[in-house]
Amino acid sequence: MRMTVVGTGYLGATHAACMAELGHQVVGLDTDQAKIERLTAGEVPFYEPGLAELMQRQIIAGRLEFTTDPARAVAGSQVVFLCVGTPQKHGEYAADLSQLHGATDTLAPLLDQPCLVVGKSTVPVGTAAALAERIRQLAPAGADVELAWNPEFLREGHAVDDTLRPDRLVIGTASGQAEKTLREVYAPLLDAGVPLLVTDFATSELVKTAANAFLATKISFINAMAEVCEAAGADVSQLSAALAYDPRIGGRFLNAGLGFGGGCLPKDIRAFMARAGELGADQALTFLREVDEINMRRRVRTVDLAREQAGGSLLGRRVAVLGAAFKPESDDVRDSPALHVAAAVQLAGAHVRVYDPQAMANAKRTFPGLSYAGSAQQAVEGAHVVLLLTEWQEFLDLDPAGLGSLVAERRVVDGRSCLDADRWRAAGWTYRALGRPRQG
Ligand code: UDX
């Protein structure tokens, strides 16, 4: 099938390449000329394992191209995927839908043939119904242009695999024709046994928001337990491991530590609260405010641990920060807990040096006031305290004895409880982690 993918960020670029991989003829559309030029050259403008190789293969095979020209992008397309960003509004909790509205208003007037518009962006419930109406009004083909909602659940760092081997496909539509078209689009996945759920617009929008709210809640639950563990002298890592044996609870997303960040979970729970308020259902989601607050408190607690490790004051101390991305296998620093902590430690008077294996360029752009090092070793040189804030494998592989010879003092805060505490202690380090006793 011939299709257009609108927006070439993490979601759109991955979706476009994966649709080509399924055998479709795909055109990626974006307003950013520089980005389109890089993508056309087979270069992915962000770090996502496996995506560049897949993209280059599909470009060479002639199944994938990119353009900034909307008319060229949609000409002859049977399916138009909307993959633009829906960030948090500046100074508000609500989602900013301006990119989605902009894309619809640009593209709908060009749709003069029957086609299916498929929304994939994460949106407040009710958005799809309003967009369907807008498209019907603007599209020359009128009611022959239908809308379906098909939320995306991909994780950064696993985007290709999550798209080609999703846990489930969810489609919101009342139209048999739309369902038939999407069954054709995803035929190879359905043949491989991926479950498909067909529902209405509102439910399909909510599936995505509810999934992210649940994941955020799970993380904040274990982080709340970490707070209790700290007060009671218990160990949240062992608590979490023991809880995980219960299959009703499960061990995934039960890692206590610095908490969640990134371009999705924080803004999605806030947009969800804002939307529930508009709908008069705000009481149902007041717990998400707690989820958000527990999450943000972990960052404050990490700064406190750094201060304790520095002997009571961070003023004039040298602090190495290992990790800037909001999670490993990503160069994304949006709402990154690591950078938030780095900035707070600097504000408390410390000399901070940050290193991340992939996110240096984005970190420097977002936090130009911090100092950066070219390697973990360089970052820790002469440090009084080392903060490990993103659990990259490269940091897990560090030799605590070797690193110990570079620092001024062997003091580490493990913000992700990912290091082997015994090994670090054996190498002479004072090891501290959130939710875990001083010695253990
Ligand atoms: C998330 C959802 O997982 C995905 O389904 C959705 O499509 C987009 O949002 P992503 O933002 O890529 O994906 O990251 P995710 O892997 O969910 O991690 C989010 C944050 O939670 C990270 O900062 C991570 O460090 C943190 N986290 C995760 C924890 O603190 N503890 C955990 O146990 C798991």
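The values are calculated or read from the model by the stated rules, or taken from the named source; none is laboratory data. Treat the numbers as computed from the prediction; the structure is a model and nothing was measured. Methodologically, a virtual Cβ is constructed for each residue, glycine included, from the backbone with ideal geometry; neighbour enumeration extends over all protein chains shown.
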Answer from G91, G7, G62, G76 - the residue that is modelled with pLDDT under 95, at positive phi and outside the structural domain of A363 (by TED's automatic domain parsing):
G91
Are any of the residues in the stretch 275-298 near the ligand (Cβ under 9 Å from one of its atoms) and closer than 15 Å to Q88 by Cα?
no
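Here's the yes/no breakdown for (1) assigned to a helix (DSSP H, G or I); (2) surrounded by fewer than 18 Cβ atoms within 10 Å (Cβ to Cβ):
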site	(1), (2)
A320	no, no
P328	no, no
Q346	yes, no
G349	no, yes
A379	yes, no
Selection from the stretch 183-205 of residues that are buried (at least 21 other Cβ atoms within 10 Å of the Cβ) and either away from the ligand (no atom under 15 Å from the Cβ) or not hydroxyl-bearing (S, T, Y) (or both):
V185, F201, E205
So R252 fits all but one of (1) under 21 Å from E329 (Cα atoms); (2) surrounded by fewer than 22 Cβ atoms within 10 Å (Cβ to Cβ); (3) touching a Phe, Trp or Tyr at 6+ places or on another chain (Cβ under 9 Å); what number is the exception?
(3)
Could you tell me whether A231 is loosely packed, with under 14 Cβ neighbours inside 10 Å and either touching a residue at least 12 places away in the same chain (Cβ under 8 Å) or more than 16 Å from the ligand (Cβ to nearest atom) (or both)?
yes
Could we say that G316 is touching a strand residue (DSSP E or B) at 6+ places or on another chain (Cβ under 8 Å) and either in a loop (DSSP other than H, G, I, E, B) or at pLDDT below 95 (or both) here?
yes
Residue satisfying condition, being more than 23 Å from the chain's Cα centre (by Cα) and either buried (at least 22 other Cβ atoms within 10 Å of the Cβ) or assigned by TED's automatic domain parsing to the domain that holds G374 (or both), within set L279, L243, L314, L258
L314
Restricted to the stretch 357-366 and to residues being among the hydrophobic types (A, V, I, L, M, F, W, C), free of Cβ contacts under 8 Å to residues at least 40 places away in the same chain and buried (at least 18 other Cβ atoms within 10 Å of the Cβ), the residue farthest from F326 (Cα to Cα) is M360
Being surrounded by fewer than 22 Cβ atoms within 10 Å (Cβ to Cβ) and out of contact with any strand residue (DSSP E or B) (no Cβ under 7 Å at 6 or more places or on another chain) is the filter here, so list the residues in the stretch 419-435 that pass it.
D420, D422, R423, A426, A427, G428
Take the conditions more than 16 Å from the ligand (Cβ to nearest atom) and among the small types (G, A, S) and apply them to S98. Does it pass?
yes
Please verify whether the stretch 263-270 includes one or more residues that are closer than 21 Å to D335 by Cα, of a type in the set (D, E, K, R) and within 12 Å of the ligand (Cβ to nearest atom).
yes
For the condition surrounded by fewer than 17 Cβ atoms within 10 Å (Cβ to Cβ), more than 16 Å from the ligand (Cβ to nearest atom) and over 24 Å from G312 (Cβ atoms), what is the one hit in A373, A401?
A401
When Y93 is evaluated against the numbered criteria (1) under 15 Å from T4 (Cβ atoms); (2) crowded, with 16+ Cβ neighbours inside 10 Å; (3) touching a helix residue (DSSP H, G or I) at 6+ places or on another chain (Cβ under 9 Å); (4) not acidic (D, E), which criterion, by number, is the only one it fails?
(1)
Among the candidates G28, G23, G85, single out the residue that is small (G, A, S), over 19 Å from L189 (Cβ atoms), assigned by TED's automatic domain parsing to the domain that holds A129 and assigned to a loop (DSSP other than H, G, I, E, B).
G85
Any chance the stretch 146-163 includes a residue that's crowded, with 16+ Cβ neighbours inside 10 Å, within 16 Å of the ligand (Cβ to nearest atom), among the β-branched types (V, I, T) and outside the structural domain of K267 (by TED's automatic domain parsing)?
yes
Would you check which residues across the stretch 208-227 are more than 16 Å from N295 (Cβ to Cβ) and surrounded by fewer than 18 Cβ atoms within 10 Å (Cβ to Cβ) and list them?
A210, A211
For V407, are the conditions met, namely being buried (at least 24 other Cβ atoms within 10 Å of the Cβ) and among the hydrophobic types (A, V, I, L, M, F, W, C)?
no
